[in-house]
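Written out below as structure tokens is the structure these notes cover.
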Amino acid sequence: MTADLVPRFLSALRRAIGPGPAPLHVPDLGGREREYLLECIDSTFVSSVGPFVDRFEREMEVFTGARHAIAVVNGTAALHVALLLAGVRPDDEVLVPALTFVATANAVRYCGARPHFVEIEPTSLGVDARALRLHLEAVAEVVGEECVNRSSRRVIRALVPMHAFGHPADLEQLRAVAADYRLELVEDAAESLGSYYRGGHTGTFGRLGTLSFNGNKIITTGGGGVILTNDPGLARRAKHLTTTAKVPHRWHYVHDEVGFNYRMPNLNAALGCAQLERLPAFLHAKRRLFAAYEEAFAAVPEVRLVREPRDCRSNYWLQTVLLKTGGEELRDALLAATNDAGYATRPAWRLLHRLPPFADCPRMELPCAEAVESALINLPSSPALAGADQI
Ligand SMILES: *Cc1c(COP(=O)(O)O)cnc(C)c1O
């Protein structure tokens, strides 16, 4: 059945988005970005203090419904500080999906802790709550108010679900597992600005959540991220730690702990404010693009398009197909043919336990993550592909 798959895959792409070339994801800077950047330059507020930073934080609070948003230099720094504030200590373990961008696991290592890789499920491509619960029943026990890994004797401190390509993970079930095992829930919502689980914005279900505004995300600040929390104490600590732990004073330099220079510069926040004005249009364009792919790929029954899970609303940040048969060889043939034809398609991230820095980390059985890794292809996803008149 896969004999003429390559040409049919190419013609589905052509039908959905035209003849190409098409990059994987490029930012759309056609709004007030230039105006706001010039305003920064004229005001001389180009660095880590300025009115756009405050405005961006307030607008993020309104958009996500989180009570507090703290803007930082990038999504990795946001995760690093969120994990510290969640109480992650050196030698702890932190549960992280095997299928995620490397930043999720790097942030755990920055805390001196180690990632403990967990299985995903095939609908959302996020952490499989049921498999995780069975795994914890087998390897962990709650001692006092801590979850202890029986074989390593280390504390498993936190669970970091990631909303892959914008599709919300099963937050209700994950929150239940986290509660039963005394785990802090810290959401890596880097990819899911504009995605909702049962009406709540992703990144607001744990005590802390993080977003990213890297150049390829649904909105960009050049580089940037945000820490979300409803807890005013944690919000104050997040601002303090990301501002070199400087005790506010008109002229004295007093720092009461080792902090980080993680503040988002005003220039970047200016870009972010302009991009936020366009976010509703981007979200609309992403859904139209999904619909176009869905229609075109109806002629390719060998693949399944990843769609938003039930009771969720996805931002459809990166469009994704899974090959139902064929494995890595077929995937690689499709990657080669599509890239040769000018369509930037990409495979999944290499599973993190296979990367040299994480090879010796604890993990559970990962059959679904492994199957998805060899079957997944991301398709060109820029909002402009939905048709210029749509945004
Ligand atoms: C983009 C991303 C991050 C953070 O990335 P930065 O480039 O540091 O902003 C973290 N986790 C995931 C899953 C991501 O996709």
> How large is the dipole of the chain about the Cα centre if only Lys and Arg carry +1 and Asp and Glu carry -1, each at its Cβ, rounded to the nearest 20 debye?
Replying inline: 420 debye
> Taking only the alpha carbons of region 1-140, what extent do you get along each of the three principal axes, in Å, biggest first?
Replying inline: 58, 51, 26
> How much of the accessible area of the chain, in percent, comes from carbon and sulfur atoms when a 1.4 Å probe is used?
Replying inline: 53 percent
> Which translational diffusion coefficient, to the nearest whole µm²/s, is obtained for the chain from the Stokes-Einstein equation, given a Kirkwood hydrodynamic radius over C-alpha pairs, 37 °C and 0.692 mPa s?
Replying inline: 152 µm²/s
>> Ordering Glu146, Glu187 by accessible area with a probe of 1.4 Å, largest first, what comes out?
In response: Glu146, Glu187
> Which value, in Å² and to the nearest 10, is the accessible area of Val258 when all protein chains are kept and the probe is 1.4 Å?
Replying inline: 130 Å²
> How are the C-alpha pair distances of region 99-244 spread across 10 Å bins, as whole percents from the shortest bin up?
Replying inline: 11, 40, 37, 12, 1
> Count of lysine pairs in the chain with Cα atoms under 29 Å apart, counting only pairs 8 or more residues apart in sequence or on different chains?
Replying inline: 4
> Cβ under 12 Å from Glu35's Cβ, Glu35 left aside: what net charge do those residues give with Lys, Arg +1 and Asp, Glu -1?
Replying inline: -2
>> Give the separation of the Cα centroids, region 35-68 to region 313-374, in Å.
In response: 36 Å
>> With both bridge residues required to lie in the chain, what share of the DSSP beta bridges run antiparallel, to the nearest 5%?
In response: 65 percent
> Taking the Cα centre of each part, how many Å lie between region 232-301 and region 152-206?
Replying inline: 18 Å
> What whole-number value in Å² describes the accessible area per residue of the chain for a 1.4 Å probe?
Replying inline: 41 Å²
> Mind checking the dipole of region 37-110: about its Cα centre, +1 per Lys or Arg Cβ, -1 per Asp or Glu Cβ, Debye to the nearest 20?
Replying inline: 140 debye
>> Nearest 500 deg cm²/dmol is fine: what mean residue ellipticity at 222 nm does the chain get from its DSSP H runs of n ≥ 4 alone, each adding -39,500 (n - 2.57), divided by its residue count?
In response: -11500 deg cm²/dmol
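The values are calculated or read from the model by the stated rules, or taken from the named source; none is laboratory data. Just so it is clear, the structure is predicted and the values come from calculations on it, not from any experiment. Please note: Cβ atoms are built from the backbone with ideal geometry, for glycine as well, and neighbour counts cover all protein chains shown. Heavy atoms of the whole protein, side chains included, go into the accessibility calculation; ligands, DNA and RNA do not. Shrake-Rupley method; radii C 1.70, N 1.55, O 1.52, S 1.80 Å.
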